[in-house]
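So the structure is just underneath, and the comments pick up after that.
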Amino acid sequence: MQQTLSIIKPDAVKQNRIGAIFSRFESARFTIVATKMLHLTEEQAGGFYAEHKGQPFYENLVRFMTSGPVVVSVLQGENVIKRHRELIGATDPQAAAAGTLRFDFAASKSINAVHGSDSEQSAKREIEYFFTESEIFSRQTKG
Ligand code: CMP
């Protein structure tokens with residue numbers, strides 16, 4: 001069964017959207033197999049987004065991601081990496097499809113509510129960035 005990393009970003013946490021977003025995950029039949037709330041340090045946020053270092057938006061991204069607590073989770077399900085990305089919607093909420101999390105909850109390209117891993121390779125790296133094996137409670141979803 002595939003796993004992916006999801007982050008509910010500081011804007012969505014501040015707006016009390018944790019439950020609404022978890023509910024969308026569960027409605028999509030993703031299983032939340034690990035979760036925790038963290039206030040990222042600059043070093044943690046910078047390391048997480050290391051592939052974007054040098055991009056014009058990088059410093060703002062790190063500042064935003066350290067501006068308040070986030071909720072990091074491991075989601076499990078069939079094809080969950082792609083399905084979670086589809087549920088989140090496009091980076092720019094103006095371009096996101098109706099009914100996606102970013103259409104409903106994001107303010108802009110940078111203040112955009114949720115992050116999801118974009119490939120199997122990044123899911124593995126991102127899950128290991130935040131969770132040890134013993135913190136992940138993999139299990140079968142009941143039919
Ligand atoms: P996320 O899915 O967390 O992955 C990288 C983040 O960088 C992305 O969401 C946005 O928050 C941010 N980002 C990517 N492209 C841009 C952009 N053009 N302008 C501002 N922020 C961006």
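Read-outs: derived from the displayed coordinates by stated rules, not from any lab. Since this is a predicted model, take the numbers as computed values, not measurements. Positions of Cβ are generated from backbone atoms using ideal geometry, with glycine treated the same way; all protein chains shown enter the neighbour counts.
Remark: spin-label model distance GLN2-LYS82 equals 0.6 nm, labels positioned 7 Å along the Cα→Cβ axis. With each label modelled as a point 7 angstrom along the Cα→C-beta vector, the ALA98-HIS52 pair spans 2.9 nm. Available extension along the chain between GLU43 and ILE136 is 31.1 nm, counting 0.36 nm per residue and deducting the alpha carbon span. Sorting the segments 2-10, 118-126 by their mean number of nearby beta carbons within 10 angstrom, highest to lowest, gives 2-10, 118-126. Computed on the Cα atoms alone, the convex hull of segment 15-65 gives a volume of 123 cubic angstrom per residue. Normalised by residue number, the volume inside the convex hull of the Cα atoms of segment 42-107 is 119 Å³ per residue.
What full-extension length gain, to one decimal in nm, is calculated for ARG63 and GLU26 as 0.36 nm per residue of separation minus the Cα-Cα distance?
That pair, ARG63 and GLU26, stretches by 10.3 nm at full extension.
The listed peptides 12-23, 49-60, ordered by packing as a protection proxy, come out as 12-23, 49-60 (highest mean of other Cβ atoms within 10 Å first). Spacing of the modelled spin labels on ALA90 and TYR129, each 7 Å from Cα toward Cβ, amounts to 2.4 nm. With a/c under 1.5 counting as rounded, go ahead and sort segment 2-135 into rounded, prolate or oblate using the C-alpha gyration tensor (a ≥ b ≥ c being the square roots of the eigenvalues; past the cut-off, prolate if a/b is larger than b/c, else oblate). Since a/c stays below 1.5, the shape of segment 2-135 is classed as rounded.
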